[in-house]
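Below is one structure, written out as structure tokens; the observations come after it.
The values are calculated or read from the model by the stated rules, or taken from the named source; none is laboratory data. Just so it is clear, the structure is predicted and the values come from calculations on it, not from any experiment. Neighbour counts are summed over all protein chains in view; Cβ atoms, including those assigned to glycine, are modelled from backbone coordinates with ideal geometry.
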Amino acid sequence: DEVVSQIAAGEVIERPASVVKELIENAIDAGASAIMIRTEEAGKRIIEIIDNGCGIQSDELEKAVMRHATSKLTNAEDLFHIHTLGFRGEALAAAGSVSRMRITTCTAEGNNGYSITVDGGKITGIHQTGTKQGTIVQVTDLFYNVPARLKFLKSDVTERNQIEILISRYALAYPNIRWQSTHDGKPGIRTTGNADYREVLTAIYGVDIAKKLIEIDLKEEGISVFGFISPVALTRSNRREMNFFVNGRWIQDVQLNSAIIRAYQSLIMVGRYPIAALFISMDPEEVDVNVHPSKAEVRFRSPDKVFGIVHRAVRRSLIFQSP
Ligand code: ADP
Ligand code: MG
């Protein structure tokens, strides 16, 4: 039983950032307009997400942290040797099975809040408690019962960066949500939820960089490309600072990366990358988002068209606006 939930957890929860991702997505799904993320020790000690979303009804609370049954395994040793597809609807169960988790929640209709505690996958209590509308999920001592996984984690700095990069992507994708993160008491990203991209970029890169980013905006053949890129002088050594959102979802695409890099052509030094936050909108029929649900990859129906437009949008802005 314990084994089964740990397998599911392994699939969904690889590292602290995976927990943060799942909890953020739940908060967004709940319609939150403000999301606070707090971590300690790179999320290994504490991950806490507070949202002001719809909350979970008291009679749904137990179900929310429970997993689906599976008959595939009986032995804990097999845990790292199996690849099972599909753990959707199991994120909370997964997080709860590899940590000590507490969810405190209240709906708009609910007169009372409730809190449920889970320890290594076992529900240890449900209590009535006072709380505001919304949900607080606290995940403590992540992987305390799966030491093998703890060993695979990178340094605290790396794990914390992963978390912060992840949050910044969601902040860009949802600029209408007020984001706030702290790590070991130090402030991370802070936004107001005013749907102001420049403000979110300032929160991520600092004002000096954000104010120099060049806005791009091009519409062609039903595809629109809007966003921000760095002037040549502001390139960086990190490829990860090129972020693409297709119809609002953050995606990864090697060819989009190179469409941008090619637009900088000889202007950019080898091993340097622009900063980019590009929002590409198109008819949902034109993009298949179900290629790799977890890996954030998509398939365009007319890839060359998309890459061409992105390339031109970037090229044009560089030529006309670069200092
Ligand atoms: P999924 O998100 O795929 O449904 P999860 O395990 O992540 O599965 O969450 C289980 C359920 O718990 C969700 O379907 C939702 O009903 C509820 N839930 C989880 N987190 C929140 C939240 N922050 N606010 C409101 N409801 C939540
Ligand atoms: Mg979820």
Test result for residue 62, assigned by TED's automatic domain parsing to the domain that holds residue 160, exposed (fewer than 15 other Cβ atoms within 10 Å of the Cβ) and at pLDDT 90 or above: yes
Hits in region 38-61 - residues which are away from ligand 1 (no atom under 11 Å from the Cβ) and touching a Phe, Trp or Tyr at 6+ places or on another chain (Cβ under 8 Å): 44, 58
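Those residues that are within 20 Å of the chain's Cα centre (by Cα), surrounded by fewer than 21 Cβ atoms within 10 Å (Cβ to Cβ) and within 12 Å of residue 45 (Cβ to Cβ), I need them from region 132-142; list them, please.
138, 140
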Residue within region 75-83 that is more than 7 Å from ligand 1 (Cβ to nearest atom), modelled with pLDDT under 80 and of a type in the set (S, T, N, Q) present: yes
Unmet requirement for residue 148, which otherwise passes all of (1) part of a helix (DSSP H, G or I); (2) at pLDDT 95 or above; (3) more than 18 Å from residue 28 (Cα to Cα): (2)
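Taking only region 152-168 into account, find how many residues are of a type in the set (Phe, Trp, Tyr) and either modelled with pLDDT of 95 or more or outside any helix (DSSP H, G or I) (or both). Write out each step before concluding.
The first filter runs over region 152-168 and keeps only residues of a type in the set (Phe, Trp, Tyr), leaving 152.
From the residues that got through so far, the ones that are either modelled with pLDDT of 95 or more or outside any helix (DSSP H, G or I) (or both) too are none.
The number of residues fulfilling the criteria is 0.
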From 260, 268, residue being buried (at least 16 other Cβ atoms within 10 Å of the Cβ) and touching a Ser or Thr at 6+ places or on another chain (Cβ under 6 Å): 268
Long-range neighbours under 8 Å by Cβ, at least six apart or interchain, first residue hydroxyl-bearing (Ser, Thr, Tyr) within region 290-310, second at pLDDT 70 or above: 302/286
